[in-house]
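FYI, it's all coordinate maths here, none of it is from the lab. Not measured: the values here are computed from a predicted model. Neighbour counts run over all protein chains shown; Cβ positions are idealised from the backbone, glycine included.
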Amino acid sequence: MRSVRTVVELRELLRPERSAGRRIGLVPTMGYFHDGHLSLMRRARSDCDVVVVSLFVNPAQFAAGEDLDAYPRDERRDAELAEAEGVDILFAPAVEEVYPDGFATAVTVGGLTETLEGDAAQRGAEHFRGVTTVFNMAEPDVAYFGQKDAQQALVIRRLVRDLDIPVQIEVCPTIRDSDGLALSSRNAYLSPEERERALALSRALRAAEAAVASGTREAAAVVAAARDELDRAGVEPDYLQLRSVTDLSPVERVNGSTLLAVAARVGRARLIDNAILGGDQ
Ligand code: AMP
């Protein structure tokens with residue numbers, strides 16, 4: 001595995017691969033790898049000839065009051081894990097490499113980047129500016145994302161479609177611990193007691209799924225079933241909303257696939273999770 005820090009080095013390594021017609025897969029990450037990240041690398045490894053993993057703790061992706069410097073990092077361990085998955089190139093740029101002096105371009109995806117995580121009270125639309133910038137640097141044939149960040153996946157899909165960017169987007173299932181907690185680098189912040197409370201998020205999603213499975217369709221009633229689980233654990237959500245899976249517009253009823261998205265702070269960790277209700281996940 002090669003480790004590089006600049007876009008120039010990355011492109012130099014990829015040029016002969018590209019001209020030989022090899023299929024290049026990219027897995028963009030913020031590091032501190034867990035099985036969710038590794039599942040994306042495995043998928044890329046089985047689909048592609050060359051696998052690039054980017055590791056960039058993006059300042060744009062932090063919520064108000066979330067501490068960028070406290071984000072867990074262990075680049076050496078990450079490199080070992082990536083190598084063990086057969087990753088070819090680890091691209092770990094510095095902040096100045098991604099956002100050099102004078103960087104001024106922003107990509108907004110109408111209707112998708114201003115809501116949920118993009119709402120000013122949450123992480124803000126700049127959050128997606130970061131995502132959309134980094135993923136373009138490797139010019140991959142395929143890029144892999146997790147369903148865990150459902151909104152991010154939608155934003156990227158729409159961006160690629162609207163700008164005719166020649167990249168295939170693959171969205172892979174959310175990987176969970178055996179007790180249901182979605183894996184996240186931010187879980188490292190949780191004390192044992194907080195981790196127990198954090199389980200309310202996945203339980204809330206399961207409760208909503210059960211409500212839909214038993215015939216409930218009205219959004220308010222489905223959300224109330226989920227909300228009960230959060231209340232029981234004393235978890236106050238930043239949002240808990242049923243949205244269209246295609247454009248994130250609010251829905252009144254679950255008719256076909258509908259996204260239930262939740263975000264909440266538990267201790268120092270800001271956690272997100274989601275489920276697709278009323279259709280295939
Ligand atoms: P992050 O390092 O948190 O920015 O995540 C990097 C990529 O891994 C994103 O595409 C995430 O959606 C994906 N990811 C994070 N957690 C999980 C998970 N538990 N299961 C599947 N994919 C995940």
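List of remarks:
- By the helix-only formula, in which each DSSP H run with n ≥ 4 contributes -39500 (n - 2.57) and the sum is divided by residues, the chain has a 222 nm mean residue ellipticity of -11000 deg cm²/dmol.
- Nearest 10 degrees, 0 to 90: helix 75-84 Cα axis against the chain principal axis: 80 degrees
- Between segment 138-202 and segment 72-102, the alpha-carbon center distance in angstrom: 18 Å
- About the centre of its Cα atoms, segment 220-281 shows a dipole size close to 180 debye [charges on the beta carbon of Lys, Arg (+1) and Asp, Glu (-1) only; nearest 20 debye].
- Solution diffusion estimate, µm²/s, Stokes-Einstein, segment 185-277, Kirkwood Rh from C-alpha pairs, 37 °C, viscosity 0.692 mPa s: 247 µm²/s
- Cα-based radius of gyration of segment 2-172 once divided by 2.2 N^0.38 Å, which approximates compact folds: 0.99
- Around the Cα centre of the chain, unit charges on the Cβ atoms of Lys, Arg, Asp and Glu (plus for the first two, minus for the last two) sum to a dipole of about 400 debye.
- Derived scalar couplings between HN and Hα for segment 191-197 equal 6, x, 5, 5, 4, 4, 5 Hz in order, rounded to whole Hz, by the Karplus curve 6.51 cos²θ - 1.76 cosθ + 1.60 (θ = phi - 60°), x for Gly and Pro.
- Based on C-alpha pairs under 8 angstrom that are at least 6 apart in sequence, segment 1-157 has a relative contact order of 32 percent.
- Residues in segment 146-157 carry Karplus couplings, in order, of x, 5, 3, 9, 4, 5, 4, 4, 5, 4, 5, 4 Hz; the curve used is 6.51 cos²θ - 1.76 cosθ + 1.60 with θ = phi - 60°, and Gly or Pro positions show x.
- Of all DSSP-defined beta bridges confined to the chain, some 50% are antiparallel rather than parallel.
- Taking every alpha-carbon pair under 8 Å whose residues sit at least 6 apart, the chain reaches a relative contact order of 16 percent.
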